Amino acid sequence: MPQQYAEVILPLPLNATFTYRIPEDMVQRIKVGQRVIVQFGSKKFYTGIIESISPIAPEGYEVKDIVSILDDFSITKHPQLKLWHWISEYYLCSIGDVYKAAVPAGLKVESETFIELDKDFEEDEENRLSEREVIICQLLEHEGKLSTSDIEKKTGFKNSLNIINHLISIGAVIVSEKLIERYRSKKETYIKLMAEPGDSDGLHKAFDAVKGAKKQETLLLALIEMSGFTRKGAETLEVSRAQLLERTGVTTAIISALAKKGIIEVYKKEINRFQFSGVVTYKLPTLSEAQENALNSITDSFSEHAITLLHGVTSSGKTEIYIHLLSRILQQSKQALFLVPEIALTTQLTHRLQKVFGERVLIYHSRFSDNERVDIWKKLLTEDEPCVVIGARSSLFLPFSNLGIVIVDEEHESSYKQYDPAPRYNARDVAIVLASMHGAKTLLGSATPSIETYYKAKTGKFGFVELLTRYENVTLPQIETVDMTIARKRYLTNGSFAKPTIDAANEALNNKNQIIVFHNRRGFAPMARCKQCAWTPKCEHCDVSLTYHRFQNQLICHYCGASYPLPTICPACKEPAVEILGYGTERIEEEVANLFPEHKILRMDLDTTRNKDNYENIIEDFSNHKANILVGTQMVTKGLDFGGVSLVTVLNADRLINFPDFRSAERAYNMLEQVSGRAGRRNTQGKVIVQTSNPSHPIIDFLKNHDYTGFFNHEIEERKEFNYPPFTRVIYIYLKHRDNNTLSEIATIYASHLRQLFGNRVFGPEEPIISRIQSLYIRKIMLKVETNASMAKVKKILRNTYEQMHQLPRMKGMIVYYDVDPM
Ligand code: ADP
Ligand code: ZN
Ligand code: ZN
């Protein structure tokens with residue numbers, strides 16, 4: 001066999017795959033999609049993915065060998081790699097970036113640096129060891145080889161890497177690389193009888209052995225029953241220790257006793273992490289006539305359009321329709337992907353779907369532990385069982401083999417867009433591509449479709465189905481505005497609440513209803529300032545004012561996470577005059593507690609939902625009326641379904657409406673309509689109060705009438721006039737640098753280079769609203785290309801420009817990246 005070479009994808013932001021020689025003993029075993037370990041550079045090992053194999057030797061450099069193969073199987077399935085390439089092409093990023101985003105960390109072995117003592121080293125005048133260095137050397141002498149993190153743990157030294165680097169530089173220690181595999185499968189303990197089924201003698205002996213020991217007997221009986229040991233002809237079932245203990249209420253000591261007597265065997269077994277324990281009805285919801293019609297229209301539409309939009313008002317029962325579609329897909333033995341924009345939404349949805357589909361439902365998102373994610377990945381890899389995966393955007397990357405449908409719920413949501421790091425993709429659009437690679441259908445659902453999607457549906461590019469009545473014909477909520485300019489003038493406010501808002505809240509609460517208070521800002525107060533000299537604390541690394549968080553009693557930067565103490569004395573004028581200004585959800589919660597002291601309050605924002613269970617607890621507690629008031633950021637606006645909410649209040653609509661960006665009107669309308677959709681979902685009409693200083697703004701008018709179409713017609717005219725999507729495709733080119741002058745100069749040259757090629761399709765450079773993040777200054781160049789322009793061509797020009805620019809010495813330290821279809 002001739003020598004073979006492999007193209008390997010590495011998790012690096014480099015625009016290429018890398019060629020490695022396949023050692024002879026591996027040639028037979030190697031496959032596309034397999035994980036291999038290769039060396040890159042002089043010190044690092046990486047897990048790469050085999051992209052292709054060929055006998056053609058690369059020219060001009062020496063190729064390294066593949067170090068080892070990690071599994072005997074491919075960890076990807078067709079067309080996954082094809083999708084990775086599509087993403088890398090379309091979103092102008094490297095294939096390595098896509099690989100990094102696509103594969104859970106547990107499947108990416110990474111090298112960790114190990115340190116050991118160099119026996120030949122001697123301390124002398126030139127190479128004196130510091131006290132800390134001596135401690136580290138003694139530790140290494142004692143323990144041999146240690147990882148850098150172990151050294152930190154054992155010495156308690158923080159940031160020991162500097163010390164270690166010095167030790168390396170003077171030759172006291174040497175570095176070696178050892179690979180760590182992170183993934184651990186989950187094991188559970190099981191119990192079984194030593195006697196084989198049918199061995200009645202053995203069983204008698206067992207009972208004799210526990211005579212007089214009541215608890216041991218109980219356990220034995222339970223085990224026999226649960227395993228179906230005596231059931232004729234049936235296979236025995238495995239019984240876990242946890243189940244057995246729960247059933248019998250005995251302690252593990254009893255299990256040990258039985259094991260000692262040789263009656264039972266205790267063994268460990270790898271299990272999957274997503275067993276469902278609730279009640280499964282396997283019953284599809286009965287659809288209303290309107291829903292039935294919509295379902296039929298969707299099926300009809302799919303025969304002509306692979307992609308169809310379901311425009312269904314809030315609480316029209318879109319989920320019910322999805323469930324029917326999913327069940328059809330499962331009946332065809334196919335897989336389905338159900339995308340949701342926000343992890344918070346998986347909770348309620350999972351319950352609803354599991355009730356119907358039981359263990360066919362799998363959940364996948366970034367809040368899951370890595371091990372859990374690897375488990376799902378492996379399950380899809382090895383089984384072709386029909387299933388429904390509910391997931392946030394990263395679930396697009398799972399190894400599906402047989403997709404029949406992809407449902408993108410709340411398709412308008414900006415959280416489908418990944419901003420950072422690359423790939424900066426929109427999961428809705430990638431979903432469409434993924435579905436088409438599988439020959440599957442895509443259903444986009446929303447009460448407030450994105451302008452682009454609605455336009456495509458209206459112009460016949462997508463199929464279009466409408467469902468404009470709520471389930472059981474509940475009327476859409478009534479929307480009232482409170483003019484805050486007037487309210488403030490007449491002293492009709494109490495903190496951030498206007499009097500009419502408080503009255504409405506009292507009325508709702510007195511009627512035993514729940515209310516939602518929406519405020520799109522987290523923390524206690526968005527700003528601090530000196531009353532005397534107007535000094536405001538800013539982040540050292542970013543160009544933003546700091547938010548005061550009362551719980552931590554810290555000023556926190558929402559862009560880089562840095563925190564600072566709140567100064568009591570102004571550092572500028574030395575007066576004790578620093579005050580905090582404005583309102584965040586933390587402060588609103590406090591106000592609400594003062595206004596409605598006899599009601600329990602829940603708060604849902606980034607700070608209260610740091611881990612997976614927090615979300616679920618808040619949603620569950622609110623559903624179960626453990627609290628009557630829910631305060632929250634945009635997290636409360638989306639898809640949640642609470643029965644008891646009769647009032648939604650929006651405390652500051654201006655902030656949504658006045659954002660300077662071509663999508664701000666769309667975003668504001670969507671958010672306001674969606675949050676109002678949380679009101680009055682059962683039986684009675686709900687009410688929404690919007691506080692604004694601009695009640696005559698056209699968006700507010702459309703909102704009052706729930707007039708999505710009116711809003712669309714208004715907005716699409718603006719887009720047309722100013723040449724924005726869907727009439728063009730927008731690409732932002734970001735430049736970042738530590739030095740503002742260098743950046744400013746280079747950005748201007750960059751833009752003029754681009755102008756020579758793209759003409760008046762280039763705008764900028766401009767400083768974004770937040771012009772410095774994490775010590776890097778930022779400039780943005782906007783490119784508007786025709787929607788039908790070839791992305792391959794655009795990409796080529798952009799890449800050429802980058803390479804030309806790269807010749808300039810001042811480009812050193814410049815970060816350049818693209819955001820295609822920014823949101
Ligand atoms: P949407 O996703 O369109 O906002 P949902 O699917 O959440 O609406 O439905 C709103 C509420 O109405 C849910 O509580 C849901 O259970 C109920 N509902 C909708 N359709 C039906 C149906 N056909 N049978 C029973 N309940 C339904
Ligand atoms: Zn001051
Ligand atoms: Zn910062």
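Tabulated data
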read-out: Where a residue in segment 493-519 is farther than 20 Å from T692 by Cα and its partner, wherever it lies, is of a type in the set (V, I, T), with Cβ under 6 Å and at least six apart; value: A508/I515; Q514/V645
read-out: Residues of segment 567-595 classified as within 16 Å of ligand 2 (Cβ to nearest atom) and in contact with a Pro (Cβ under 8 Å, 6 or more places away or on another chain), total; value: 6
read-out: Selection within segment 517-540 - among the aliphatic types (A, V, I, L, M) and more than 15 Å from ligand 2 (Cβ to nearest atom); value: V517, A525
read-out: Lone qualifier among E112, E89, E62 - being modelled with pLDDT under 85, surrounded by fewer than 16 Cβ atoms within 10 Å (Cβ to Cβ) and outside any loop (DSSP other than H, G, I, E, B); value: E112
read-out: Residue among E411, E385 that is in a loop (DSSP other than H, G, I, E, B), in contact with a Gly (Cβ under 8 Å, 6 or more places away or on another chain) and touching a residue at least 12 places away in the same chain (Cβ under 8 Å); value: E411
read-out: Qualifying residue in segment 478-490 (condition: in contact with a helix residue (DSSP H, G or I) (Cβ under 7 Å, 6 or more places away or on another chain), touching a residue at least 60 places away in the same chain (Cβ under 8 Å), of a type outside the set (S, T, Y) and surrounded by 23 or more Cβ atoms within 10 Å (Cβ to Cβ)); value: yes
read-out: Sole residue being touching a strand residue (DSSP E or B) at 6+ places or on another chain (Cβ under 8 Å) and within 16 Å of ligand 3 (Cβ to nearest atom), chosen from R738, R755, R729, R779; value: R738
read-out: Test: residue in segment 656-666 that is loosely packed, with under 14 Cβ neighbours inside 10 Å, charged (D, E, K, R) and within 16 Å of ligand 2 (Cβ to nearest atom); value: no
read-out: Candidate set: segment 765-774, residues that are farther than 14 Å from T801 by Cβ and part of a strand (DSSP E or B); chosen: the one nearest to ligand 2 (Cβ to nearest atom); value: R772
read-out: In segment 522-553, residue nearest to ligand 1 (Cβ to nearest atom) [restricted to those that are closer than 28 Å to R738 by Cα and small (G, A, S)]; value: S545
read-out: In segment 252-266, the residues that are at pLDDT below 90 and loosely packed, with under 11 Cβ neighbours inside 10 Å; value: A253
read-out: Some residue of segment 541-549 being farther than 21 Å from V592 by Cβ, of a type in the set (V, I, T) and either within 16 Å of ligand 2 (Cβ to nearest atom) or out of contact with any Leu (no Cβ under 9 Å at 6 or more places or on another chain) (or both); value: yes
read-out: Single residue of segment 427-458 satisfying the filter (of a type in the set (D, E, K, R) and under 22 Å from the mean Cα position of the chain (by Cα)) that is surrounded by the most Cβ atoms within 10 Å (Cβ to Cβ); value: R428
read-out: Which numbered condition A336 misses (of (1) modelled with pLDDT under 90; (2) closer than 30 Å to P399 by Cα; (3) crowded, with 21+ Cβ neighbours inside 10 Å); value: (1)
read-out: Filter result for the condition that a residue is within 16 Å of ligand 3 (Cβ to nearest atom), surrounded by 16 or more Cβ atoms within 10 Å (Cβ to Cβ) and either within 24 Å of D661 (Cα to Cα) or not hydroxyl-bearing (S, T, Y) (or both), over I746, I773; value: I773
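Residue by residue, here is whether (1) in contact with a strand residue (DSSP E or B) (Cβ under 9 Å, 6 or more places away or on another chain); (2) within 16 Å of ligand 3 (Cβ to nearest atom); (3) part of a strand (DSSP E or B) holds:
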{"residue": "R529", "(1), (2), (3)": "yes, no, yes"}
{"residue": "A534", "(1), (2), (3)": "no, no, no"}
{"residue": "E540", "(1), (2), (3)": "yes, yes, no"}
{"residue": "G561", "(1), (2), (3)": "no, yes, no"}
{"residue": "K574", "(1), (2), (3)": "no, no, no"}
{"residue": "I580", "(1), (2), (3)": "yes, no, yes"}
{"residue": "E591", "(1), (2), (3)": "yes, no, no"}
{"residue": "P597", "(1), (2), (3)": "no, no, no"}
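The values are calculated or read from the model by the stated rules, or taken from the named source; none is laboratory data. In this text the structure is predicted, and so the values were computed from the model without any measurement. No Cβ is skipped: glycine too gets one built from the backbone with ideal geometry, and neighbour counts run over all protein chains shown.
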